[in-house]
1. Take Gly271 and tell me if it is out of contact with any Asp or Glu (no Cβ under 7 Å at 6 or more places or on another chain), surrounded by fewer than 22 Cβ atoms within 10 Å (Cβ to Cβ), on the phi > 0 side of the Ramachandran plot and without any contact (Cβ under 8 Å) to a residue 60 or more places away in the chain.
2. Report, by residue number, each residue of region 170-194 that is closer than 28 Å to Gly225 by Cβ, of a type in the set (D, E, K, R) and out of contact with any Lys or Arg (no Cβ under 9 Å at 6 or more places or on another chain).
3. Go through the residues of region 132-141 one by one and say whether even a single one is within 20 Å of the chain's Cα centre (by Cα), of a type in the set (D, E, K, R) and part of a strand (DSSP E or B).
4. Going by the structure shown, is Arg197 among the charged types (D, E, K, R), under 22 Å from Ser153 (Cβ atoms) and outside any strand (DSSP E or B)?
5. Residue by residue through region 211-246, note down the ones that are among the aromatic types (Phe, Trp, Tyr) and either more than 12 Å from Thr174 (Cα to Cα) or touching a residue at least 60 places away in the same chain (Cβ under 8 Å) (or both).
6. Would you check which residues across region 274-296 are touching a Phe, Trp or Tyr at 6+ places or on another chain (Cβ under 6 Å) and over 11 Å from Ser26 (Cβ atoms) and list them?
7. Identify, please: which residue in region 1-43 is outside any loop (DSSP other than H, G, I, E, B) and under 25 Å from Pro352 (Cβ atoms) and is, among those, farthest from the chain's Cα centre (by Cα)?
8. I'm trying to understand the selection: among the residues of region 318-337, which are touching a Gly at 6+ places or on another chain (Cβ under 7 Å) and either part of a loop (DSSP other than H, G, I, E, B) or over 15 Å from Asn88 (Cα atoms) (or both)?
Amino acid sequence: MRPKLVVITIIIAGIAWFVLDLLQDSGQFKTLEPHFNGAVVHVAGPIGAEDITINPKTGVAYISSDDRRNWFQGNSSTGPSGAIYAYNLEGAQPELRNLTPELDFIFHPHGISLFVDAEEKQTIFVVNHRPTGHFIEIFDVVENELRHKESISGELLSSPNNILAVDERRFYATIDHGNTSKIGRTLEDYLRLERARVVYFDGTDFKVVADGLLYANGINMSPNGNQIYVAATTSHKLHIYRRNIDTGALTPDYEIDCNTGIDNIELDAAGNLWIGAHPKLLTFVQHAKDDNTLSPSEVLKVSLLEDGNYQAEQVFLSLGDDLSASSVAAVYKNKLLIGAVFDDGFLVCTLPEHEKQN
């Protein structure tokens, strides 16, 4: 065989291997069997209910909503702003309330986090993608509205995705890409380059506390504050870190391969992790471009046991016909709320009795 033909054959074989590996790794060859053992109700209203968190004492869910296709396409300075909604699960007939109807700045909310202090005062932290840069907006919850307190930004807050508040002002944030350019981010995703990270704001400055991640996404904390959980969507890994409560420093502990594109992380009353996920990542990419393409939705429940052991259960799976591209799953008592990146509204699911959280 001529040397030139050998080189061409090797190149073609390499490209074929890369494409097949990408398809396999992104879940495109999976056979999906939809299931959920409970009732499902669709609540219309909030577009792109990408993140949801629930106050475990009041039963009020806080929902981050925005027309994400609009700002994904570079139109963050045009079109309507997003909003944070409240949805009271203790109400006889829960109603949605827009808590941010009249902000004096452009608001495109992404990840959110709720901090409740010893006196039950609630503070909400929100990732906001403004045309002028990325910010963390801090609000006090006052009756039926959010009162804006502060906007925080910094050089290390280059591509924030989700946030975890640890007190009234300190927080962690996931930075989902190391690159800020469109082509750089695309190369990171498809070449699976480990350039994402976690930053910590100590009340004064930002610092990197974890790096070498593939698309750092959801983040949350154990009830005792000693562990931090980070979802790496592209690698399918749930990273568990030991946390220094005084300094905020993180030390890698162990990883869990979830075999799906995990997104946001919420905890139930027992400390179990509930994770919205994308079982077919390339289908999700197509869905992001075209709302006529359905993207499957998945919810995992992960229970962390002693010595790095764990139990993982797929609680919910659909082909996306009820809600496409699930990004978050939040539990309160026997209710499971599932939000999505782009779709209109969210799902309120009634869990089987053995899954009920007190």
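1. In short, yes.
2. Arg170, Glu194
3. Looking through region 132-141, at least one residue is within 20 Å of the chain's Cα centre (by Cα), of a type in the set (D, E, K, R) and part of a strand (DSSP E or B).
4. Answer is no for this residue.
5. Within region 211-246, Tyr241 is the sole residue that qualifies.
6. Selection gives Ser295 alone.
7. Ala39
8. Selection gives Ser326, Ser327, Val328, Ala329.
The values are calculated or read from the model by the stated rules, or taken from the named source; none is laboratory data. Just so you know, these numbers come straight off a predicted model, no measurement behind them. Every residue, glycine among them, receives a Cβ derived from its backbone with ideal geometry; neighbour counts consider all protein chains shown.
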